[in-house]
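Report on the structure given below.
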Amino acid sequence: MEFVRAHVLVCHGTNCSLKGPAAIVRAFGDQLREHGLEGEVRVVETGCFGLCEQGPTVVIYPEGTLYTRVKPEDVAEIVTSHLLKGRPVERLMYREPVPQQPVQAFPEAQHFRKQTRVVLRNCGVIDPDSIEEYIARGGYAQLGKALTQMKPEEVVAVVRDSGLRGRGGAGFPTGLKWGFAAKAKGDTKYVVCNADEGEPGTFKDRLILEGDPHAVLEAMAICGYAIGSHMGYIYIRGEYTQSIERLGHAIEAARNIGLLGSNILGTGFDFDVEIRMGAGAYVCGEETALFESLEGGRGEPRLKPPYPTDAGLFGQPTVINNVETLANIPPILEHGAEWYRGLGTAKTPGTKVFTLCGDVVNRGLIEVPMGMTLREVLYDIGGGIPGGRTFKLAQTGGTSGGCIVDAQLDVPMDYDNLAAVGTALGSGALLIMDDTHCIVDIAKSFAKFFLHESCGKCAPCREGTKRLYDIVDGFSKGTGKMEDFALLERLARVMYKAPFCALGQTAPLPVMTTLQHFREEYEAHVRDKTCPAGVCSALVSDKKGA
Amino acid sequence: MKEAAPAGCAIADRVDQIIQKHAGRPGALMPMLHDVQAALGWIPEEAMDKIAEALDIPAGKVYSTVTFYTLFSTRPTGKYIIRVCESAPCHVEGAAAVMAELERQLGVKPGETTSDGRFTLEYTSCIGICGVAPAIMVGDQVHGNLKPDMIAGVLAQYE
């Protein structure tokens, strides 16, 4: 075995890939050869570290020095100064937002210190294309344990006792779902991984799959064993090119060494996985719409009951779980249900991967225990609002979530607490907005999303999302009337109940919560025909012309 | 980037190959449509008819499926499809200005293709790259942290 004295980890998550980490890897290769170091230093392409906006990121071990915004031209200096002379390059080191201090070793950075990386345990640590590295960190050991030492019902029991809840947004107890499917009648059952990740502001599943694809494959096989299924499908959105590629390699690698396919580990258990691509439809993230799409057709939701665990994909008992939900399974099996319950809150144990976007310094991916407040996430980990501007509002859970203001930033984030203040934990997307934005303009972008993504099957959503958009659009153009507010509230009341699926049912929520918190700003657009933030062009130019 | 679009009966042959590749697979319709879109840059009616026949389903069902999804096109598209995200995380970071600059540089509006056939400009919903908003996709490639003055540089990468 080859021992090296230093490792250079270069993030290859899609966010960093925009700025060509391949060129950085090449530059390291060239420089290491030039200085005769190629036998002593190993360069590894890893998945996402989470500091997406400050990429490309490079971590050098054993020190753990974190370099951000690295360019290929910087590599020569990193090699000569850091690797040859042992002097880290301070100008490239990650800096704490407040105070602007360089951080010597990345686990010390506030951004990482406050995180509990369970789902992201391997992201930014291993080469995701290497099944050997996944195995070296304990990968596939839990599948082995389940197949050789546990009965299927024991696997279900561990997941149930852990209290794990679905991380796609609905928060349904995973163990309960697995239990239903295990008990369902039928010889053919399916495990489906929902990697359709369409909720705006959410990019965790993409990066989990890019950074640690084997975790999801192992979890699917464990689920298959628990419920009696031999076939899994990963339905992944067609736009996620890198994730699809990584998964393809991972499936092939697992098949090649007998960890997927027939007779896994010689136990007689068969389980295989196939990738199926979505084609650009947010509604296909809804479980039954996903089945319709996978089976071949428009992604229009089905009536429930029957629930997927009784009749799902191809009409067979199916467990469908989100990527992040599945990535929790191997650690739960490894450390036990009680360990998992020790993290997070009583009603929602475990951690949550949040994606920070919008007006926040450290845009990217983090993982913290359930129950952390948004104030702590935003300021202690997120680095606060850039440019010294003021926080105006945050939307939690994606475009289908509600908006909260400063007074609610101290709510411990989990499914129940956020629902209690009129929003949702949802996918874990956190969109932060500062005081330069117009609330009507933002509400319009929410409404436009649902208008576009409505599948059209049911009238309340097909018509309702259109009317919702038209009313808010009217506000932004100065054609709104004060009576429209009552109309909006009536429309919302109908849409919360009548649509066929959750898309239509949540469509009014983001708009109505902004109206609740910023009524005066809306009224200024309607009564005074002004846009206080100076954003709505029809109202701003009117004023100028006057 | 897709293959150079074949013409005439070459289209029929390519579609036949794709149908063969997926024949017998459960849920074959979507993989077939993906491959045709990738091979031809759009899904002609001729291809839809062939797929309908191969799968023994009404042509209308195939058409209804194609028109449902953003990534499938019923008309020829440019060599590269530019998708500009207009969802809230990108909107809040200046996506409108990025789209305005693209319209200016390309001389087309969303939904249109440049006269030289190089680019088709489209809006898209969130593409899951919000850490570097505002972001766009050109073909399979993502470009993020965009400002209007970067657009010319991005377009120049695509001949």
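Restricting A:Gly224, A:Gly211, A:Gly228, A:Gly201 to residues that are at positive phi, buried (at least 24 other Cβ atoms within 10 Å of the Cβ) and in contact (Cβ under 8 Å) with a residue 24 or more places away in the chain narrows the list to A:Gly201.
Screening the candidates A:Gly20, A:Gly55 for the property of being under 23 Å from the mean Cα position of the chain (by Cα) and surrounded by fewer than 18 Cβ atoms within 10 Å (Cβ to Cβ) yields one hit, A:Gly20. Just one of the listed residues (B:Val154, B:Val142, B:Val132, B:Val66) is within 11 Å of chain A (Cβ to nearest Cβ) and either over 30 Å from A:Thr436 (Cβ atoms) or open to solvent by 30 Å² or more (accessible area, probe 1.4 Å) (or both), namely B:Val66. Considering only residues that are closer than 21 Å to A:Gln505 by Cα and without any contact (Cβ under 8 Å) to a residue 60 or more places away in the chain, which ones fall in segment A:385-407? Selection gives A:Ala394, A:Thr396. Candidates are the residues of segment A:266-295 that are within 10 Å of chain B (Cβ to nearest Cβ) and among the aromatic types (Phe, Trp, Tyr); the one that is least open to solvent (accessible area, probe 1.4 Å) is A:Phe291.
Based on what the data block shows, is A:Phe28 aromatic (Phe, Trp, Tyr), surrounded by fewer than 15 Cβ atoms within 10 Å (Cβ to Cβ) and either within 14 Å of another protein chain (Cβ to nearest Cβ) or out of contact with any Phe, Trp or Tyr (no Cβ under 8 Å at 6 or more places or on another chain) (or both)? In short, no. For A:Asn263, the criteria (1) of a type outside the set (Phe, Trp, Tyr); (2) open to solvent by 30 Å² or more (accessible area, probe 1.4 Å); (3) at the interface with another protein chain (Cβ under 9 Å from one of its Cβ atoms) hold in every case but one, which is (3).
Residue check, B:Gly107 against (1) more than 30 Å from B:Asp49 (Cβ to Cβ); (2) at pLDDT below 95, all met but one. Which one? B:Gly107 satisfies every listed condition except (2). Given the structure, is A:Ser427 among the hydroxyl-bearing types (Ser, Thr, Tyr), assigned to a loop (DSSP other than H, G, I, E, B) and within 14 Å of another protein chain (Cβ to nearest Cβ)? Yes; evaluated as a whole, the condition is true for this residue.
A:Gly299 meets the conditions (1) touching a Ser or Thr at 6+ places or on another chain (Cβ under 9 Å); (2) open to solvent by less than 20 Å² (accessible area, probe 1.4 Å); (3) in a loop (DSSP other than H, G, I, E, B); (4) more than 12 Å from every other protein chain (Cβ to nearest Cβ) in every case but one. The failed one is (4). One residue stands out among those in segment B:1-36 that are open to solvent by 40 Å² or more (accessible area, probe 1.4 Å) and in contact with a Phe, Trp or Tyr (Cβ under 8 Å, 6 or more places away or on another chain): the one that is modelled with the lowest pLDDT, which is B:Met1.
The values are calculated or read from the model by the stated rules, or taken from the named source; none is laboratory data. Note that the structure is a prediction, hence the values are computed from the model and not measured. Cβ: placed from backbone, ideal geometry, glycine included. Neighbour counts: every protein chain shown. Heavy atoms of the whole protein, side chains included, go into the accessibility calculation; ligands, DNA and RNA do not. Shrake-Rupley method; radii C 1.70, N 1.55, O 1.52, S 1.80 Å.
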